[in-house]
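Take a look at the structure below.
The values are calculated or read from the model by the stated rules, or taken from the named source; none is laboratory data. These numbers come from a predicted model, not from an experiment. Cβ: placed from backbone, ideal geometry, glycine included. Neighbour counts: every protein chain shown.
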Amino acid sequence: MTRRGRVALKVVAWAACLAPLGWLGYRAGTGDLTANPISFITNWLGDWTLRILLVSLAMTPLRTLSGWSWPIALRRLLGLFAFAYASLHFCVWLVLDHFFAWKQMGADIVKRPYITVGMTALLLMIPLAATSTAGAIRRLGGARWRWLHRLVYVTGVCAVLHYLWLAKKANPAPYYYAAVFIVLMAIRAWGWSRRASKNPLPGGERVG
Amino acid sequence: MLIKRGGDIKGGEITDQALYVNRRAFMAGAAALALTPSVAAPGMAAAAAPPAAGQPLAAARNKAFDIPDAATKFQDATTYNNFYEFGVNKDDPSNLAGTLKPRPWKVQVDGLVHKPATFDVDDVLKMAPLEERVYRLRCVEGWSMVIPWIGFPLSVLLKRVDPTGSAKYVEFSTLVAPEQFPAQKKGFFNFGGLDWPYTEGLRLDEALHPLTLLTVGMYGQVLPNQNGAPIRVVIPWKYGFKSAKSLVRIRLTAEEPKTAWNKAAPQEYGFYSNVNPKVDHPRWSQATERRIGEFRRRETLMWNGYDQVAGLYAGMDLKKQY
């Protein structure tokens, strides 16, 4: 892809990732955050965290299936946006929902499995965000960096479970996200096994 | 939410299947209305027009139930609803409720009673003077409202059918009509829902408690569709899902009735489901709630503040019989 093509791609990705925030801001400005604004904002940010996270996890499978290389150029940007949305989602819970009621929030983190996995998903994203720069990749070395960044699969599992465990039973939405995550992981596994059969050396360098 | 709704067609544009399938019953109902002007609710201008949502409904405020809490805004109470027959989202009921036809409407009251009967809802409206009562409403999800309901004690209706000595429980059933309740339609993406009809239940002494309100209106108006038109119960010391909506049947039984949410998740939604800040939902705390319209959470009150019901549960282990 040309340099101009890459820039255009990133501009589109930035715009797409900022659009949900913009829409939220617009609805806040027009006083249209429903009767329960805090719950609405929390759910909105949570939904978009999960969506952007799943899109970031779809880039490698997209390359596997299509052979295109451009999706890889978007992984970092999408991953960082997922982290940004997750952080905002957490901040709303901390500030607007519980207003720094540390004791109750601490108890919830320990006692409520959906909050435990949600916090886990967020915490696991911190080292990934912190080592997202080219300098960090150089310092860690490619192999170690890739191993570290496989934590994102754990984040994905935790994020999907977070939604599954908090939603009421009659709501089918979390199952859709779980299904998408499973399909993405299955394509990855297929890609790994295909590469392993082509290249008998274990731990091949192109593991995504 | 990713759920795609078929929301492009407005309720009023759909041919009313319930009407043409059941037109004989409809015409009989319309004729009865026309012949008996007194059937119409108080405050109605024309007897022939059935009371519709939004029309005023006269009721005297029963000050005995006044609470210091300010009433929730009407706009909030009618756009932020759980009514799973319309969908799982809070705005589904207000967006989709146009398909519900609250007239003509009959309520069958039967089971272990001496005088089973099927009442037209407009006759139920005349059974007792309508009162306005301002009740707290606490949702099991952790939010709450304050709503001025209009109705009269359910005990009036129950006494009219005269429960037998073996009646111990009351079961409430909501209408099943997929053409009126979109989420009742079977579909590939509709899995995981509740079993229809939505059923709820009370012990007979709970049902006879003066707080238990047979409800036909709110905010001085006929009950809006999304709030359970034309007739529902309101049990203010229990989590909101106990207060079943759009009732077509009230049945007296000897056995504890099966209830919709209990069937869906028995360990989460017990038969009693009394508001209790000390008994958590298995997945979240019930110690606090967000009152709609307020910023900070407030402490949840035992029995939702209705201490007068405590005697109904004397000697019970509220952690076990949740």
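One residue alone among B:D162, B:D195 is surrounded by fewer than 19 Cβ atoms within 10 Å (Cβ to Cβ) and closer than 30 Å to B:W284 by Cβ, and that residue is B:D195. Scanning segment A:116-129 for residues that are within 14 Å of chain B (Cβ to nearest Cβ) and touching a residue at least 24 places away in the same chain (Cβ under 8 Å), we see that the one that is farthest from the chain's Cα centre (by Cα) is A:V117. Just so you know, in segment A:72-114 the residues that are more than 11 Å from chain B (Cβ to nearest Cβ) and among the small types (G, A, S) include one that is surrounded by the most Cβ atoms within 10 Å (Cβ to Cβ), and it is A:A82. Restricting attention to segment B:272-291, which residues are touching a Pro at 6+ places or on another chain (Cβ under 8 Å) and either more than 7 Å from chain A (Cβ to nearest Cβ) or under 25 Å from B:V170 (Cβ atoms) (or both)? Within segment B:272-291, B:Q286, B:A287, B:T288 qualify. B:F74 meets all of the listed conditions (1) closer than 20 Å to B:A260 by Cβ; (2) in contact with a Phe, Trp or Tyr (Cβ under 6 Å, 6 or more places away or on another chain) but one, namely (1).
Among residues of segment B:59-72 that are closer than 15 Å to B:L130 by Cβ, those with a Cβ under 9 angstrom from a residue that is assigned to a loop (DSSP other than H, G, I, E, B) and of a type in the set (A, V, I, L, M), sequence gap 6+ or separate chain, pair up as B:A59/B:L130; B:A60/B:L130; B:F65/B:L211.
Each residue in segment B:292-304 was checked for being within 23 Å of B:L211 (Cα to Cα) and within 10 Å of chain A (Cβ to nearest Cβ), and 1 pass.
Among the candidates A:Y153, A:Y177, the residue that is at pLDDT 95 or above and closer than 18 Å to A:T42 by Cβ is uniquely A:Y177.
Taking segment B:234-260 as the range and being surrounded by fewer than 24 Cβ atoms within 10 Å (Cβ to Cβ) and within 22 Å of B:G54 (Cβ to Cβ) as the test, only B:S243 passes. Among the residues of this structure, B:E294 counts as one that is modelled with pLDDT under 95 and either assigned to a loop (DSSP other than H, G, I, E, B) or within 20 Å of B:G193 (Cβ to Cβ) (or both).
Can you spot a residue in segment A:118-129 that is exposed (fewer than 15 other Cβ atoms within 10 Å of the Cβ), part of a loop (DSSP other than H, G, I, E, B) and not charged (D, E, K, R)? Explain how you work it out, then say what you get.
Restricting attention to segment A:118-129, the residues satisfying the condition of being exposed (fewer than 15 other Cβ atoms within 10 Å of the Cβ) are A:123, A:126-127.
Next, only the ones that are part of a loop (DSSP other than H, G, I, E, B) stay: none.
Scanning segment A:118-129 turns up no residue that is exposed (fewer than 15 other Cβ atoms within 10 Å of the Cβ), part of a loop (DSSP other than H, G, I, E, B) and not charged (D, E, K, R).
Of all residues in segment B:269-321, which are of a type in the set (D, E), over 28 Å from A:V95 (Cα atoms) and crowded, with 17+ Cβ neighbours inside 10 Å? Let's see the steps before the verdict.
Here is the first cut: in segment B:269-321, the ones of a type in the set (D, E) are B:280, B:289, B:294, B:299, B:307, B:317.
Within this subset, residues satisfying the condition of being over 28 Å from A:V95 (Cα atoms) are B:307, B:317.
Across segment B:269-321, there are no qualifying residues.
Taken over segment B:75-96, the criterion of being at the interface with chain A (Cβ under 9 Å from one of its Cβ atoms), more than 16 Å from B:S243 (Cα to Cα) and either acidic (D, E) or in a helix (DSSP H, G or I) (or both) is satisfied by B:Q75, B:D76, B:D91.
Residues B:P116, B:P224, B:P210, B:P148: which one is surrounded by 22 or more Cβ atoms within 10 Å (Cβ to Cβ) and in contact (Cβ under 8 Å) with a residue 12 or more places away in the chain? Outline the logic, then answer.
Details: B:P116 fails: surrounded by 22 or more Cβ atoms within 10 Å (Cβ to Cβ); B:P210 fails: surrounded by 22 or more Cβ atoms within 10 Å (Cβ to Cβ); B:P148 fails: surrounded by 22 or more Cβ atoms within 10 Å (Cβ to Cβ).
On inspection, the qualifying residue turns out to be B:P224.
Check segment A:184-198 and report whether any residue there is assigned to a helix (DSSP H, G or I), within 14 Å of chain B (Cβ to nearest Cβ) and either more than 29 Å from B:V140 (Cβ to Cβ) or at pLDDT 90 or above (or both). No, segment A:184-198 contains no residue that is assigned to a helix (DSSP H, G or I), within 14 Å of chain B (Cβ to nearest Cβ) and either more than 29 Å from B:V140 (Cβ to Cβ) or at pLDDT 90 or above (or both). The single condition among (1) surrounded by 17 or more Cβ atoms within 10 Å (Cβ to Cβ); (2) touching an Asp or Glu at 6+ places or on another chain (Cβ under 8 Å) that A:A143 does not meet is (1).
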